[in-house]
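Heads up: the structure comes next, in structure tokens.
None of the figures in this text is laboratory data; all of them are computed from the coordinates on show. Worth saying up front: this structure is predicted, and the values here are computed from it rather than measured. Cβ placement follows ideal geometry from the backbone for every residue including glycine, while neighbour counts extend to all protein chains displayed.
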Amino acid sequence: MMTLKQSGARRGIAGLLLAAGLCLSLAAPVQAASVADKVEALGIPNQLKVDTIRVARRNDFLVIQAEIVNSSNDTQTLYYRFKWLDDAGFTVGGEEGWKPVTIYGGQKKVLDTMAPVPQATDFRLELHAPDNKGLPRQ
């Protein structure tokens, strides 16, 4: 038989666990639906692949880390930019210029960025790889 004191203690513990779970869920990073949903490739970058995308909010700004993998043995040049979107899907923060990055054969490269405005709640990573003609790695 449970006493009133034990019942109150269990409710207190349950309340603490619920509060801790809420704090953890508020602090958890925002997760992208899938890599394919977030990437817009111009052309077919068959040797360069976005392996993972990590998304978080820091100081009310969206922060992104995208890992690009070069599956060929050749050096590849990639041009990228981020398109920032608000809750309604409208572009915010202006249009970014294209940024070049060199990725050596077999290399993984992380692209780090932060949204230019706090209104950005979503994004698209736009990629263009004009020299992506290497053979697949075996």
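Gly93 meets the conditions (1) surrounded by 16 or more Cβ atoms within 10 Å (Cβ to Cβ); (2) in a strand (DSSP E or B) in every case but one. The failed one is (2).
Quick one: which of Ile53, Ile68 is surrounded by 15 or more Cβ atoms within 10 Å (Cβ to Cβ) and touching a helix residue (DSSP H, G or I) at 6+ places or on another chain (Cβ under 6 Å)? It would help to see each step written out before you state the result.
Working: Ile68 fails: touching a helix residue (DSSP H, G or I) at 6+ places or on another chain (Cβ under 6 Å).
So the residue among Ile53, Ile68 that is surrounded by 15 or more Cβ atoms within 10 Å (Cβ to Cβ) and touching a helix residue (DSSP H, G or I) at 6+ places or on another chain (Cβ under 6 Å) is Ile53.
Of all residues being within 14 Å of the chain's Cα centre (by Cα) and in a loop (DSSP other than H, G, I, E, B) in the range 96-125, which is surrounded by the fewest Cβ atoms within 10 Å (Cβ to Cβ)? Just the residue, please. By that ranking, first place goes to Thr121. Figure legend. Inter-residue proximity from the range 105-124: first residues within 12 Å of Phe61 (Cα to Cα), second residues acidic (Asp, Glu) and loosely packed, with under 13 Cβ neighbours inside 10 Å, beta-carbon distance below 9 Å, spacing 6+ or different chains. Indicated pairs: Pro118/Asp60; Gln119/Asp87; Thr121/Asp87; Asp122/Asp87. Restricting the first member to the range 32-55 and to residues that are under 16 Å from Gln76 (Cβ atoms), and the second to residues that are in a loop (DSSP other than H, G, I, E, B) and among the small types (Gly, Ala, Ser), the beta-carbon pairs closer than 6 Å and six or more apart or on different chains are Pro45/Ala129; Gln47/Ser71; Gln47/Ser72; Gln47/Gly134; Leu48/Ala129.
For the range 40-55, a residue qualifies if it is farther than 15 Å from Trp84 by Cβ and in a strand (DSSP E or B), and the qualifying residues are Ala41, Leu42, Leu48, Lys49, Val50, Asp51, Thr52, Arg54.
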